[in-house]
Amino acid sequence: MSSKLPLTGVILAGGKSSRMKINKCLLSFNNRRLIEILLINLKEIFEDLFIVTNFPEAYFYTGVPLIGDIYPFKGPMAGIHVALKNSKYDVFAFACDMPFVKKEIIYFLGGKHISQKNNITVGCYNEKIYPLPGIYSKEMLNELENLLKEDKLSMIRLIKDVHAQTVDVANLDEEGLSFINVNTEEDLKFLEKGGKKCLD
């Protein structure tokens, strides 16, 4: 569990946070910003790590390499696309507002992807597929480029169309903590009060 994965870890922080109205990645939880909680864990797992953002000035302080979207404000697909263009390995993508991703999930999905050489490997929890956190092969670059040009931005549709590997991870994360994300101020307040359910 302590070895580095031969994958590129990528934090997607390019969105407008339209539901939150402010940059949710920089919100504090237990006296630490959401993106910092994620970075602490990912730095132990990936040698190759960067942040995709359209607001680089907000993340210079992290010291992590920053990359901007080629197709800005087109959601996670755009972030994964530019990450694949700049990565050495296949990309393991995370949303910046997922502070509770378990290391066991990361290593488990990573191992499945590497051993079975799939185009996409994502987690499934309570029969629901989650595009993030998920692993996307460099073989997907041209496909993503075409979809972005056509404004076909649904990640779930992509996952189904390419017959991605979906891995049930409930045995490693019974509460679904790895898929909690903070979309609204109400979500954050719920978490601050000790809420630990999968928010979707």
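Just so it is clear, none of the values below were taken in a lab; they were calculated from the coordinates. Bear in mind the structure is a predicted one, so any value in this text is a computation, not a measurement. We place every Cβ from the backbone using ideal geometry, glycine too, and count neighbours over all the protein chains shown.
With a length cut of 15 Å (Cα positions projected on each helix's long axis) and a Kyte-Doolittle mean of at least -1.0, go through the chain and give me the DSSP H helices that pass.
76-86, 103-116
Run the helix sum for the chain: -39,500 (n - 2.57) per DSSP H stretch of 4+ residues, divided by residue count, reported at 222 nm to the nearest 500 deg cm²/dmol.
-8500 deg cm²/dmol
Would you mind computing, in nm to one decimal, how far apart the modelled labels at Glu175 and Asn54 are, each placed 7 Å from Cα along Cα→Cβ?
3.4 nm
Would you mind checking segment 167-181 for residues with the amide N under 16 Å from a putative spin-label position 7 Å along Cα→C-beta of Glu44?
Inside the label zone: 178.
Considering only Leu172, Leu12, Leu66, give the residue with the highest GNM mean-square fluctuation for the chain, with springs between Cα atoms whenever their separation is below 10 Å.
With Cα springs under 10 Å in the chain, the top fluctuation among Leu172, Leu12, Leu66 is at Leu172.
Connecting C-alpha atoms closer than 10 Å in a GNM of the chain, tell me which of Asn171, Asn86, Asn183 has the biggest fluctuation.
Comparing Asn171, Asn86, Asn183 in the GNM, the peak value goes to Asn171.
How high is the FRET efficiency between Lys149 and Asn30 when r is their beta carbon distance and R₀ equals 30 Å, given to the nearest 0.05?
According to the calculation, E is roughly 0.15.
Run the quick spin-label model on Glu192 and Asn126: label points 7 Å from Cα toward the beta carbon, then report their separation in nm to one decimal.
2.4 nm
Which of the residue pairs Lys43/Lys160; Lys117/Lys138; Lys128/Lys149 have a Cα-Cα distance greater than 21 Å in the structure shown?
With Cα atoms farther than 21 Å apart: Lys43/Lys160; Lys128/Lys149.
Build a GNM of the chain with springs between Cα atoms under 10 Å: which of Glu150, Glu139, Glu185 gets the top mean-square fluctuation?
Glu150
Could you give the nm distance between label points at Lys88 and Asp168, where each point is 7 Å from its Cα heading toward the beta carbon?
Inter-label distance under the simple model: 3.7 nm.
What does the convex hull of the Cα atoms of the chain come to per residue, in Å³, rounded to a whole number?
Cα-based convex hull of the chain, divided per residue, equals 113 Å³.
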